[in-house]
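Asks: Dropping a structure here in structure tokens format, bear with me for questions.
The values are calculated or read from the model by the stated rules, or taken from the named source; none is laboratory data. Values in this document were obtained by computation on a predicted structure and should not be read as measured data. Cβ atoms come from the backbone with ideal geometry, glycine included; neighbour counts cover every protein chain shown.
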Amino acid sequence: MLRPDRSTRRGVAALVAVLAAVLAPARAAHASPEDVLGFGARASAMGATGAAVAEGYEAVYANPALLSLARERRLTLGLAGAIFDLRAGGRRLSYAPLRGSVIGAAVPVPFGGALEDRVTIGLGFFTPFDVVVRGRILYPETPQFPIADRTQSVAVQAALGASIGHGVRMGGGFAALAALSGSVTVATDASGRVGTLVEDTLVASYAPILGASYDLGAYRIGATFRGELVGRFNVVIHADELGGLTVPPLHIAGIAQYDPAQIALEVARVGGPWKVAIGATYKRWSDYPGPVEATVRCPEVDPETGEPFAGSCAAPGPADPGYSDTVVARAGVERSLALRPGATAHVRGGAFFEPSPAPEQTGASNLYDNARVALSLGYGLALAAPLPRLTLDVFTEVQLLLPRAHHKQDGGAGAGAAGGVVHTRGVLVAGGTTLGVVF
């Protein structure tokens, strides 16, 4: 029987240690919180609407065309957060609360002539206090709710909006998300000692945001397109010179965050003290490839010929998660009340219903997702001359994950299953406040 020499055994041990460290599950995975909660205190209070009623910095995500409504430079700072009570099989799953800061700015471009008061630049940021981006890929048998993971990431948006005239406005921008790329090299040095070299780079992925609106008297129609936003991580492990041990490059790769391509359509009454918005958002979840990617991949170049690899290799990819497209119905309302000269109060409310794109978990996999009903409330106070030119907005939002039953097949009962059925449900509670100042 062949016995590996000492350096080979040390190389195997080192490779196993590296794999264990890389594959060990982190505390949470991430995604853009604006897709789950809405972006900005006013929009979140109005059922995450905005394609036809967004104002100020919130329009960079809701509809960049509406940035052109801003007539003064305004900086907004605030706080937002959320807590989760998510249950599967009668057991509460632990998820850390979301806590982060909000920064927004709307800056009209001081053009003259025909472009005067027509073009505005907007910026919007949401930054969790303790992370930039995290990713975890747990065993599929582990009960988990991706909805909680999808709120824990930095959100960055920038856009420009312009008034074309005759009630037509157009705008465009982008959303950005952090992604991770890196490598781990395991090798023996001249002395026979095994070591590792780790290199990683934080990069950005981008998706376009395009919007248009049309004003018709007291009413407005708004439409927004948001491109697919994918936050991938890919760490390649190379094992070289391990005493004759040959190990192919291993890819620890997956998708830490995914926002599907979507189109939002909205109709709103925007004239007078009452503002009412009704709309729907189509989300193309059927393009979602799933959270994991192949570990062993075919080489791009044939090592023998130097030509592009044209053969076949044993590199099967993960199964299609079977997600389906969804349509989210939204409604929001705002009532403005004059308190005194220079002071106006705004009372807000909203709701939305979002179906689940995920299929029923009938096998060993336990990646749970439920349809959600959300109710939101908010209050705003806007001050103008002769008072200091400030705005204060607060909101609270409750999302109910409607009860769902997952009928497990033989061999896939899952933890907490009773009679082959796992019941899932939950509650998400969010809230926040922002303060805006003219500068």
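Asks: Against the definition (farther than 28 Å from Asp35 by Cβ, in contact with a strand residue (DSSP E or B) (Cβ under 7 Å, 6 or more places away or on another chain) and basic (Lys, Arg)), how does Arg389 come out, yes or no?
Replies: yes
Asks: Based on what the data block shows, is Ala65 within 16 Å of Thr224 (Cβ to Cβ), aliphatic (A, V, I, L, M), in contact (Cβ under 8 Å) with a residue 60 or more places away in the chain and in a loop (DSSP other than H, G, I, E, B)?
Replies: no
Asks: Can you tell me which condition Asp117 does not meet? The list is (1) of a type in the set (Asp, Glu); (2) surrounded by fewer than 16 Cβ atoms within 10 Å (Cβ to Cβ); (3) on the phi < 0 side of the Ramachandran plot, and all the others hold.
Replies: (3)
Asks: Another question, if that's okay. Only one residue in Ala106, Ala51, Ala65, Ala96 is out of contact with any Pro (no Cβ under 7 Å at 6 or more places or on another chain), under 24 Å from Arg372 (Cα atoms) and modelled with pLDDT of 95 or more. Which one?
Replies: Testing whether each residue is out of contact with any Pro (no Cβ under 7 Å at 6 or more places or on another chain), under 24 Å from Arg372 (Cα atoms) and modelled with pLDDT of 95 or more leaves just Ala51.
Asks: Any residue in the range 150-168 that is of a type in the set (Val, Ile, Thr), out of contact with any strand residue (DSSP E or B) (no Cβ under 8 Å at 6 or more places or on another chain) and either more than 16 Å from Asp259 (Cβ to Cβ) or modelled with pLDDT of 95 or more (or both)?
Replies: no
Asks: Looking for whichever is part of a loop (DSSP other than H, G, I, E, B), of a type in the set (A, V, I, L, M) and either modelled with pLDDT under 90 or surrounded by fewer than 24 Cβ atoms within 10 Å (Cβ to Cβ) (or both) here; the options are Ala82, Ala26, Ala17. Which one fits?
Replies: It is Ala26.
Asks: Take the residues of the range 383-399 that are in contact with a Lys or Arg (Cβ under 9 Å, 6 or more places away or on another chain) and outside any loop (DSSP other than H, G, I, E, B): which is surrounded by the fewest Cβ atoms within 10 Å (Cβ to Cβ)?
Replies: The selected residue is Leu383.
Asks: Taking the conditions exactly as written (in a strand (DSSP E or B), among the charged types (D, E, K, R) and at pLDDT 80 or above), does Glu266 satisfy them or not?
Replies: Taking the combined requirement at face value, the residue satisfies it.
Asks: Name the single residue, out of those in the range 339-376 being assigned to a strand (DSSP E or B), at pLDDT 95 or above and aliphatic (A, V, I, L, M), that is nearest to Gly420 (Cα to Cα).
Replies: The selected residue is Val373.
Asks: Out of the range 179-211, which residues are aliphatic (A, V, I, L, M) and closer than 21 Å to Gly122 by Cβ?
Replies: Passing the criteria: Ala204, Ala207, Ile209, Leu210.
Asks: Within the range 38-71, restricting attention to residues that are of a type in the set (Val, Ile, Thr) and closer than 22 Å to Thr396 by Cβ, which residue is surrounded by the fewest Cβ atoms within 10 Å (Cβ to Cβ)?
Replies: Checked the range 38-71; the qualifying residue surrounded by the fewest Cβ atoms within 10 Å (Cβ to Cβ) is Val53.
Results for (1) out of contact with any Asp or Glu (no Cβ under 7 Å at 6 or more places or on another chain); (2) modelled with pLDDT of 80 or more, shown as yes or no for each residue.
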| site | (1), (2) |
| --- | --- |
| Thr185 | no, no |
| Ser191 | yes, no |
| Asp200 | yes, no |
| Leu210 | yes, yes |
| Phe233 | yes, no |
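Asks: Something else about it: Just name the residue that is surrounded by the most Cβ atoms within 10 Å (Cβ to Cβ) out of those in the range 144-192 that are without any contact (Cβ under 8 Å) to a residue 24 or more places away in the chain and more than 30 Å from Ala106 (Cβ to Cβ).
Replies: Asp189
Asks: Need the failing condition index for Val53 against (1) part of a loop (DSSP other than H, G, I, E, B); (2) farther than 30 Å from Arg220 by Cβ; (3) of a type in the set (A, V, I, L, M), just the number.
Replies: Of the numbered conditions (1) part of a loop (DSSP other than H, G, I, E, B); (2) farther than 30 Å from Arg220 by Cβ; (3) of a type in the set (A, V, I, L, M), the odd one out for Val53 is (2).
Asks: In the range 252-284, how many residues are buried (at least 21 other Cβ atoms within 10 Å of the Cβ), of a type in the set (A, V, I, L, M, F, W, C) and in contact with a Phe, Trp or Tyr (Cβ under 6 Å, 6 or more places away or on another chain)?
Replies: The total comes to 1.
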